[in-house]
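Working notes, beginning with the structure itself.
Throughout, read-outs are computed from the coordinates displayed, never taken from laboratory work. Being a predicted model, the structure only gives us computed values, none of them experimental. Cβ atoms come from the backbone with ideal geometry, glycine included; neighbour counts cover every protein chain shown.
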Amino acid sequence: MRRLLLALTLPLVAACATYEPTPLDQSALLEELRSVTVEVPSDGLEVEQAVALALVQHPDLHVVRRDQEIAAGLVVSARAWDNPDLRPRLQNIYSGARDSIQWALDLRVFPRAPGETAAREARAQAREQHALAIIEETESRIAVETRIAHAQLVALDTQIGIVRAAEQLHSRVATIVTEQVEAQVSTRIEAVLVELAQEELADESASLVAQRAIAEAHLASLIGAPPDATLAVRRAARGQSVAIPSQAELEEQAVAAHPALRALAAAYEDQEQRLRLTHIAHSPWPNFLAIAGGGDAGDAVVDADASLTLPVFHSGEHDIAVAEARRDRARDAYRARLHAVRGEIRRASLALREHERRHNALSRRLGPLLDRAEQLVRSVLDAGGANPLALLAIEMRVLDLRRDTAQAAFERDRARAELAAATGSALAAE
């Protein structure tokens, strides 16, 4: 009996684990973040390089990846039976008779019903798949935000360059107008109009520089760089525009790849296995099996025991109905999200077609005209004779269309990112 007691108590000693607290050190975390540096190419950060940095450095991804580690551990736990119970007892400690003290040792095990382990493991695997889908959904969101932030920074750089070039050209116009006013060829009204335009350009230039600083800080946050990091960006060389697939093709792509739909599909499987476990829980199967040993110094006995729940007050139909309702709700949630995705795809594809058309019209058709207009203004300025109001009108019109072209390029890039997000392909390189 002593050997039996030793064999049963050894697992208790082996299972003991030492708890070591790890307090949260907020100051150390702040210093850790301050020490982070991100290497950026000297010739400028391209969009795919920015996305790659964001998918490695962004702190949100570290959080959801921990969730996947937890879910993977629960898959292992789901395969294991519940630990048995060991209950040592002393009986008749106080009694009038001599040698009446008896010992007893109960061992209870909790056998699983047929199919229960498989259902538990399948449910844990569904939760792990859900965690993986959430990781991909977070990666997709960060990739889209990074693409848009990069495109915005490129557009602001372009607009700053346009306004500064206009300032230089306008400065030449202002000089000519000043000379013409002194020669009484132009009026002071024309001089005031030129001065007003000059001030507007200076204000716009300062505003664009401030907007760029804000956009730069946003992109730095996305790629895990310090908030005051200096980022140079550049647009990658692009080929010809790719034809947008049909609505049906995009919908099929979304069903196969959209991370939000994959997460909801995993959530449905979780509820399916929960319903399966509910059925198993109300099937006739013993709650536990027990072996009890006891007696006194001269006599020992061994007993067997079991427990079975009797379906007297209810047979579990209400629990099963609730589990079925949860599964049906998971199906409705998937259907509702799929309906929303179809609408997102339609809107994003229409927006991309329009922004592609507008960008092509501005850059290909109006671009050469703008180049000719700017060359004409320079030629007139070089010749020394000019109508200030005519030059001012041409110059401001060219500036407006240059701005529109830069904005159209940004809107096109954003529409591409949004369509990729709607179809679940945001992680694919453009």
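List of remarks:
- Projected label points at Asp371 and Ala104, each 7 Å from Cα along the beta carbon direction, are separated by 9.9 nanometres.
- Cα lying deepest toward the dipole's positive end in the chain, options Val63, Ala417, Ala197, charges on Cβ: Ala417
- Across the stretch 121-251, C-alpha contacts under 8 Å between residues 6 or more apart give a mean separation that, scaled by the residue count, equals a relative contact order of 30 percent.
- Karplus-based coupling profile of the stretch 131-143, in residue order and whole Hz: 5, 5, 5, 5, 4, 5, 5, 5, 4, 5, 4, 5, 4, with θ = phi - 60° in 6.51 cos²θ - 1.76 cosθ + 1.60 and x standing for Gly or Pro.
- Full-extension gain in nm, Val302 to Ser171, via 0.36 nm per residue minus C-alpha separation: 36.5 nm
- The chain, helix-only ellipticity at 222 nm - DSSP H runs n ≥ 4, -39,500 (n - 2.57), divided by all residues, nearest 500: -24000 deg cm²/dmol
- Taking label positions 7 Å along the Cα-Cβ direction at both Gln184 and Arg342, the computed distance is 7.8 nm, reported to one decimal.
- Helix 188-222 axis versus longest C-alpha principal axis of the chain: approximately 20°, rounded to the nearest ten.
- Taking every C-alpha pair closer than 8 Å and separated by at least 6 residues, the mean separation divided by the residue count of the chain gives a relative contact order of 24 percent.
- Cut-off under 5 Å, modelled amide H: who pairs with Ile244 long-range: none
- Rounded to 10°, Cα long-axis angle of helix 259-281 versus longest principal axis of the chain: 10 degrees
- Correct option for Kirkwood radius over Cα pairs in Å [calculated from the coordinates] among (i) 22.0; (ii) 23.7; (iii) 29.0: (iii)
- Where chymotrypsin sites (Phe, Trp or Tyr not before Pro) in DSSP loops with at most 11 other Cβ within 10 Å are excluded, longest remaining stretch of the chain: 95-312
- Total charge dipole magnitude, the chain, about the Cα centre, Cβ charges on Lys, Arg, Asp, Glu only, Debye to nearest 20: 1100 debye
- Nearest-ten-degree value, helix 59-79 long axis tilted from longest Cα axis of the chain: 20 degrees
- Phi angles across the stretch 84-89 convert, under the Karplus curve 6.51 cos²θ - 1.76 cosθ + 1.60 with θ = phi - 60°, into 3J(HN,Hα) values of x, 9, 10, 10, x, 9 Hz, Gly and Pro given as x.
- Calculated FRET value between Ala243 and Ser27, using beta carbons and R₀ = 51 Å, to 0.05: 0.40
- Cβ-Cβ FRET estimate between Ala213 and Thr18, R0 fixed at 45 Å, reported to 0.05: 0.30
- For the stretch 262-387, size of Cβ-based charge dipole, Lys and Arg +1, Asp and Glu -1, in debye: 1800 debye
- Extension reserve of the Thr117-Arg357 stretch, reckoned as 0.36 nm per residue once the Cα distance is removed: 80.6 nm
- When you restrict to C-alpha pairs under 8 Å that are six or more residues apart and normalise by the size of the stretch 39-173, the relative contact order lands at 34 percent.
- At R0 = 56 Å, FRET efficiency that the Cβ-Cβ distance of Asp404 and Arg66 yields, to 0.05: 0.75
- Under a 5 Å amide H cut-off, with hydrogens placed 1.01 Å from N, Val233 pairs with Leu45 among residues at least 5 apart or on other chains.
- Bridge type composition, the chain - antiparallel percent by DSSP, nearest 5: 95 percent
- For the stretch 26-36, 3J(HN,Hα) per residue [Karplus equation, 6.51 cos²θ - 1.76 cosθ + 1.60, θ = phi - 60°, Hz, x = Gly/Pro]: 4, 5, 5, 5, 5, 5, 4, 5, 5, 7, 6
- Rough spin-label spacing in nm, given labels placed 7 Å along Cα→Cβ, for Ala202 and Asp82: 8.0 nm
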